[in-house]
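**Student:** Got a structure for you, questions after.
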Amino acid sequence: MPTIRDIARKSGYSVSTVSRVLNHQKYVSEPAKTAIEAVIKQLDYVPNSLARDLSFGQNKNIGVVLPHNDHPYFNQLLNGIMDAAFSSGYHVVLLPSEYNQAVELDYLEQLKRKNFTALIFTSHGIALSAEYTRYGQIVCCEDPGTHHISAVYSHREPAYLAAFKYLKAHKAQQIGLLLSRNLAQSPTWIAVTNAYQQVFNCQPDSELMVGGMRSFEDGYRAAEQLVEKQPTLACYFTNGDDIAAGVRQYHLDHQLPTPLLIGQEKQLSSFLLQLPTIDHHFFTLGQKAFEVALSNHHQVCRFESEFILP
């Protein structure tokens, strides 16, 4: 691949003169400009836009770290980010992580090397600290706690409490908990189990907790797994309306009573099936996360989740 030095050598002009032509600057004679442009065309030279941006102290890339994209949380969040990005002049770069800490650390190192203006962590496996914020804005889409990192997140606990109080009022005794990450350090896992304990004055039955829930099919398989353990199970708290729909379908297919269900994310399936759901406002949250990513100062913005009855 030809470089600016190759153009200078072949044209007989200095690197600085070639640079002025490439950047459409003044103070270049017409003969020099004509000769240099002819060499550029001959060598089929294409400027390195990243290097050029860095030379001017500019970068138009916002990295969005995604563990995966097959759950409505990430889809809605990403849609909000993209909606905000369209009119900004910035590029959104998707950075898959699968919660791999080494991969996430590499993205932080790329921020340090100025490959990105900012990073938005939709979720993360690595413990984020303020160390890398000196190199660019970092936005976390979870409660940052005591870490001095910009964050835009949903305050979920009151909605979870309302949901479990609803189940308790409907005489629910055994509840299947279908969640995303089955890790004790997952903020969602912690928030759900804490809300459950506050309402029922006990820890949820670990035998009725299933992680890794992302889709209708996951909900269907989880219902099969839990009914095998507890045939009379008739109540589920799930992390997605489509997942709740999968649970419902398993019960229907096996001539079991339709269970009491709670979904999340306010998807079309909750409307069609008339299911209680929780709206975390992830689309709006994504829009705000992008806005904060473009800012130069520390911000923490909290959105209140809502428990919605049909």
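The values are calculated or read from the model by the stated rules, or taken from the named source; none is laboratory data. Keep in mind that this is a model prediction, so the values were computed, not measured. Please note: Cβ atoms are built from the backbone with ideal geometry, for glycine as well, and neighbour counts cover all protein chains shown. Protein only, heavy atoms only, side chains kept; ligands, DNA and RNA dropped before computing areas. Shrake-Rupley method; radii C 1.70, N 1.55, O 1.52, S 1.80 Å.
**Student:** Anything in the range 167-216 that is more than 24 Å from the chain's Cα centre (by Cα), among the hydroxyl-bearing types (Ser, Thr, Tyr) and within 21 Å of residue 241 (Cβ to Cβ)? List them, or say none.
**Tutor:** Answer for the range 167-216, where residues must be more than 24 Å from the chain's Cα centre (by Cα), among the hydroxyl-bearing types (Ser, Thr, Tyr) and within 21 Å of residue 241 (Cβ to Cβ): just 196.
**Student:** Need a quick list: helices (runs of 4 or more DSSP H) entirely within the range 231-310 having at least 1 residues that are charged (D, E, K, R) and closer than 24 Å to residue 64 by Cβ.
**Tutor:** Answer list for the range 231-310: 241-253, 282-293.
**Student:** What are the residues in the range 99-140 that are in a loop (DSSP other than H, G, I, E, B) and open to solvent by 20 Å² or more (accessible area, probe 1.4 Å), if any? Even if it seems obvious, please write down each step before you answer.
**Tutor:** Within the range 99-140, the subset in a loop (DSSP other than H, G, I, E, B) is 99-100, 113-117, 122-129, 135-136.
Matches in the range 99-140: 99, 100, 113, 114, 115, 117, 124, 125, 126, 127, 129, 135.
**Student:** Residue by residue through the range 245-258, note down the ones that are in contact with a Gly (Cβ under 9 Å, 6 or more places away or on another chain), surrounded by 19 or more Cβ atoms within 10 Å (Cβ to Cβ) and without any contact (Cβ under 8 Å) to a residue 40 or more places away in the chain.
**Tutor:** 245, 246, 248, 250
**Student:** Within the range 131-157, how many residues turn out to be more than 23 Å from residue 119 (Cα to Cα) and in contact with a strand residue (DSSP E or B) (Cβ under 7 Å, 6 or more places away or on another chain)?
**Tutor:** 0
**Student:** Limited to the range 1-26, what total is found for residues that are in a loop (DSSP other than H, G, I, E, B) and touching a helix residue (DSSP H, G or I) at 6+ places or on another chain (Cβ under 7 Å)?
**Tutor:** Number satisfying all stated conditions: 3.
**Student:** Can I ask one more? Looking at the range 48-60, which of the residues that are more than 19 Å from residue 119 (Cα to Cα) and surrounded by 12 or more Cβ atoms within 10 Å (Cβ to Cβ) is modelled with the lowest pLDDT?
**Tutor:** 52
Residue-wise test of (1) under 18 Å from the mean Cα position of the chain (by Cα); (2) over 30 Å from residue 199 (Cα atoms).
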{"position": "103", "(1), (2)": "yes, yes"}
{"position": "115", "(1), (2)": "no, yes"}
{"position": "121", "(1), (2)": "yes, yes"}
{"position": "128", "(1), (2)": "yes, yes"}
{"position": "138", "(1), (2)": "yes, yes"}
{"position": "158", "(1), (2)": "no, no"}
{"position": "162", "(1), (2)": "no, no"}
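**Student:** Which members of the range 209-232 meet the condition of being modelled with pLDDT under 95 and under 21 Å from residue 277 (Cα atoms)?
**Tutor:** 209, 210, 211, 212, 213, 214, 215
**Student:** Within the range 158-190, track down each residue that is assigned to a helix (DSSP H, G or I) and in contact (Cβ under 8 Å) with a residue 60 or more places away in the chain.
**Tutor:** 158, 159, 160, 162, 163, 164, 166, 167
**Student:** Of everything in the range 9-31 that's under 17 Å from residue 47 (Cα atoms) and of a type in the set (D, E, K, R), which residue is most open to solvent (accessible area, probe 1.4 Å)?
**Tutor:** 9
**Student:** If you don't mind, another one. With the structure loaded, tell me whether residue 81 is of a type in the set (A, V, I, L, M, F, W, C), in a helix (DSSP H, G or I), surrounded by 16 or more Cβ atoms within 10 Å (Cβ to Cβ) and at pLDDT 90 or above or whether it fails that test.
**Tutor:** Yes.
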